[in-house]
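See structure below.
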Amino acid sequence: MKTRPRIVSLLGATALVLSSAAAAATPDPARTQAYIHKAWDTLTRSLDDCSALHDPKMDARPVLYLPAGLARPEGIDKVAQRCKVEVRTLPRRITRLGELMPAALPAEGLLYLPKPYVVPGGQFNEMYGWDSYFIQLGLLADRRDALARDMTDNALFEVEHYGGVLNANRTYYLTRSQPPFLSRMVSDVLAAPGAFKDEAERHAWLVHAYPLVVSNYRIWTRPEHRAGDTGLSRYFDLGQGPVPEMHGSAYYRGVIEWVLAHPGEGSGYLVKASEHPDAAEAAKLKAGSCDIAASEVCAGAWAKGYRLSADYYLGDRAMRESGFDTNFHFGPYGGATHHYAGVGLNSLLYRYERDLHDLALQLGKVAEAQQWADAAARRKAAMDKYLWQPSRGMYVDYDFVAGKPSSGPYVTTYWPLWAGLASKEQAAALAGKLPVFERKGGLSMDDASSGAQWDEPFGWAPTNWLAICGLDSYGFHQDAGRLARKFMATVETGFAHDGTIREKYNMVKGNADVKITAGYTTNVIGFGWTNAAYLKLRQLLENTKAPAAAQGAQAPTSH
């Protein structure tokens, strides 16, 4: 999901203390829910709290960056003194991702956000892009409308001052976004009864938000994010070489060794090179691999006579923007992510376009609303052409470089249901494919175990929620209810065992027993989006009144 778990936080230490008392407990929904209600406060960060300024993933002195041109916030100097943080101003105004490269800054640091926000948990001590959408769902389900609005205000602030909704508000994320949910965040806050004091305030907020939501959408239609000539979009990070947040070269050396041990896989990942190249070879590697002089991680990313190709690094970065780090579905170690028009991303963008249509209508922009409806229709047509596979009864990711669909299924095949773009026939076919993914504990990512955390047998709150929500919205209430109960039971079992809620779970075992052998190995505690999905699944079960006999495809409704 993110990068480089390193240091166990104070929250993690507390959970370990709790675990001995919780180990013998049996699953208890009431205790699980009580933990979640309290966890929002534990996970909330603001500048009033010095811990918000610390990056557990880094060892350097904390630095806080203010946007160029922003008036110095009141009280910021007292915060700097009290928290022993250095406050700097970014050297230029940023209007789009990639305009300011992290390497151009003298030090890594936190990017200023004006409002409190909820972090995922553990060492992820900043506001993350797609986590924030799911966290907001949980806040709204728990009637914390004001904090949900704060989260959205911060996302809009990122668009206005940092070029888009970022992977997270750290300088090393200035070249990439994450799965786009901003239009949903805005729409959900607008519908929240406690977010605004009156209709006038609500309207004024929408007037401010709408152009920023549009600006963030434009990220995904620029040339670098286009999936060839398919009319669809792809993930793409605007940097080159190893990601700047990577500590050490061990991860990349592991990729080289894996590809060498699996001939025929990871095609295009490797280039033959010296461990200590001379100036002439280093100059060639700058274009064909990465810049050894600019990156110690690049210099150390060598094994058995090989280095990683420039194209692999582009895929590695795109994988991190996708949120699915690490997976083997989009190539080993996700190294071909940028070659794919993904079902997940394009489903989110279809929903984004439909949301922009609705927001434009609220502002009386009728002609503009029609333009968004037309854009959504074009995307749906392209998805039906390239991503829908009638013979397989699924939406399948499309490798537009190779000109062929992925050979393997992925649970994002259900995201078109959440987006509301599938036909009744497509929805029925997808419901029939649940055995491909359904396990004891909920929906697994796929049916191919790779050892990576975004593959079989692992399952995650966001992918389970989007699929279950989508099935329910098309009238498959029995399937949705069954899957909801399975995933909730998995969370409850894990909580009973160790007294906390986790980032991911083992769907085959239906518990938090997660052993990763490729990529990141920790199972972070906290955990924002799991807390949220649990509350939303409980809410879904409470709201589902249709009897099982009435199950069937129908027009989708929004969750």
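Please work out if Leu64 is buried (at least 18 other Cβ atoms within 10 Å of the Cβ) and in contact with a Pro (Cβ under 9 Å, 6 or more places away or on another chain).
Considered against the rule, which asks whether it is buried (at least 18 other Cβ atoms within 10 Å of the Cβ) and in contact with a Pro (Cβ under 9 Å, 6 or more places away or on another chain), Leu64 comes out as no.
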query: Of all the residues that make up the range 416-447, how many are among the basic types (Lys, Arg) and surrounded by 18 or more Cβ atoms within 10 Å (Cβ to Cβ)?
result: 1
query: Regarding Lys272, is this residue modelled with pLDDT of 95 or more, more than 30 Å from Arg96 (Cβ to Cβ) and open to solvent by 30 Å² or more (accessible area, probe 1.4 Å)?
result: yes
task: Scan the range 244-295 for residues that are in contact (Cβ under 8 Å) with a residue 40 or more places away in the chain and either acidic (Asp, Glu) or touching a His at 6+ places or on another chain (Cβ under 6 Å) (or both) and report the count.
output: 4
- request: Kindly list the number of the only condition in (1) in a loop (DSSP other than H, G, I, E, B); (2) surrounded by 17 or more Cβ atoms within 10 Å (Cβ to Cβ) that fails for Tyr252.
  value: (1)
message: Checking the conditions here, which among Ser177, Ser215, Ser183 is polar (S, T, N, Q), closer than 23 Å to Ser347 by Cβ, part of a loop (DSSP other than H, G, I, E, B) and modelled with pLDDT of 95 or more?
response: Ser177
Subset tally (residues that are open to solvent by 20 Å² or more (accessible area, probe 1.4 Å) and either under 30 Å from Phe236 (Cα atoms) or not basic (Lys, Arg) (or both)) for the range 84-97: 9
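Of all residues in the range 48-85, how many are among the hydrophobic types (A, V, I, L, M, F, W, C), outside any helix (DSSP H, G or I) and more than 24 Å from the chain's Cα centre (by Cα)? Please lay out each step first, then the result.
Going through the range 48-85, the residues among the hydrophobic types (A, V, I, L, M, F, W, C) turn out to be 50, 52-53, 58, 60, 63-64, 66, 68, 70-71, 76, 79-80, 83, 85.
Still in the running and outside any helix (DSSP H, G or I): 58, 60, 63-64, 66, 68, 70-71, 85.
Add one more test, that the residue is more than 24 Å from the chain's Cα centre (by Cα), and what stays is 60, 63, 66, 68, 70-71, 85.
Here the count works out to 7.
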message: Here is a list: Leu166, Leu174, Leu110, Leu147. Which entry is in contact (Cβ under 8 Å) with a residue 40 or more places away in the chain and open to solvent by 10 Å² or more (accessible area, probe 1.4 Å)?
response: Leu147
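Would you mind finding the one in Gly481, Gly494, Gly475 that is open to solvent by less than 10 Å² (accessible area, probe 1.4 Å) and assigned to a loop (DSSP other than H, G, I, E, B)?
From the options Gly481, Gly494, Gly475, the qualifying one is Gly475.
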query: Limited to the range 319-372, what total is found for residues that are open to solvent by 20 Å² or more (accessible area, probe 1.4 Å), free of Cβ contacts under 8 Å to residues at least 60 places away in the same chain and not charged (D, E, K, R)?
result: 7
query: Checking Ala299 against (1) closer than 24 Å to Pro102 by Cβ; (2) open to solvent by 20 Å² or more (accessible area, probe 1.4 Å); (3) in contact with a Leu (Cβ under 8 Å, 6 or more places away or on another chain), which test does it fail?
result: (3)
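The values are calculated or read from the model by the stated rules, or taken from the named source; none is laboratory data. Fair warning: this is a prediction, and the values are worked out from it, not measured in the lab. We place every Cβ from the backbone using ideal geometry, glycine too, and count neighbours over all the protein chains shown. Each accessible area value is taken on the protein alone, full model and side chains, heavy atoms only, with ligands, DNA and RNA left out. Shrake-Rupley method; radii C 1.70, N 1.55, O 1.52, S 1.80 Å.
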